[in-house]
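Below is one structure, written out as structure tokens; comments come after it.
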Amino acid sequence: MSHHFSMATVFRMTPYHVLGRFFIKLGLNMPLDWEKISDVQPIQTAYRSLPPEDRERTENILKRITTLTCKEGYRALNEAAKLCDLPKWEAGHRKTATLYQKVIWTWMLHPEIVEKALTLLELDKIIYSRKRYGLPEGDITVTDETLQSLKRNLQALFMEHENRGRVCTVEVVERGSGRYCFFAYPDDFPESVQQHDDEERLVGKTECNTFEIVFGLDTAEGTLELAAKANDVGQ
């Protein structure tokens, strides 16, 4: 799934006219005739002449979205397109188009597909440690009150058993076909750290990070999976 990112690979795997549209969308000044370029050298030269902050911004975007240029990423793109009601997202691509071309072009035209695909790709990396069967099957409606109820119950659970989790955020990602992923971020135990202030004096500070809990609910199967780096509480 993972691959090494390099701009050289992006230049090699993406048609030059697509690269031109990408750089123009970012507002970068690269005075090249993108329709007539037949060699990568002038692109590399023009790119190296950009200010460092522009190159950093460009590479941060490309590094993120090109994680989809693999089999798993392609599956995520197709799933995301259906969830975005854009199942024909590939209609404008030739069969010979590389995944780099498809991902970059889709990011320019339908960024919502790419963003959702990146989320789905991360979801597929989650390793669930437990699975519960026998839950009621059938469609459900996830509302703000649903998320608030889960939040309140998690807060009460962790405060009672471990004296943490006083503040908690809950988010949901719907995958379609009755599948939902709920992400909870309760506050962890406070930590004391030492840092330098603006006047370079060493000062003490208390930080309270969050930890992540993921619930994978499949209402078609009536199952609930759990992934968490937390102690076994509330058995």
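Read-outs: derived from the displayed coordinates by stated rules, not from any lab. Predicted, not measured: the structure shown is a model, and the values here were computed from it. Cβ atoms come from the backbone with ideal geometry, glycine included; neighbour counts cover every protein chain shown.
A few notes on this one:
- Of the Cα atoms belonging to the range 130-228, the radius of gyration and Dmax stand at 17.9, 60 Å.
- Cα-Cα pairs of the chain separated by more than 25 Å (percent): 58 percent
- Choice from H110, H196, H93 with maximal GNM fluctuation in the chain (Cα, 10 Å cutoff): H196
- Percentage, to the nearest whole number, of Cα pairs in the range 7-123 over 21 Å apart: 37 percent
- The GluC sites (Glu not before Pro) of the range 1-80 that meet both conditions, a loop assignment by DSSP and at most 12 other Cβ atoms within 10 Å of the site Cβ, are E35.
- Gaussian network model of the chain, Cα within-10 Å springs - most flexible of Q41, Q148, Q101: Q41
- Restraint check, K36/K95; K82/K229; K63/K102, Cα-Cα greater than 26 Å: K82/K229
- Part-to-part distance (alpha-carbon centres) for the range 29-52 and the range 168-182, which is given in Å: 43 Å
- Within the chain, longest stretch clear of exposed trypsin sites (Lys or Arg not before Pro) (DSSP loop, no more than 14 other Cβ within 10 Å): 37-87
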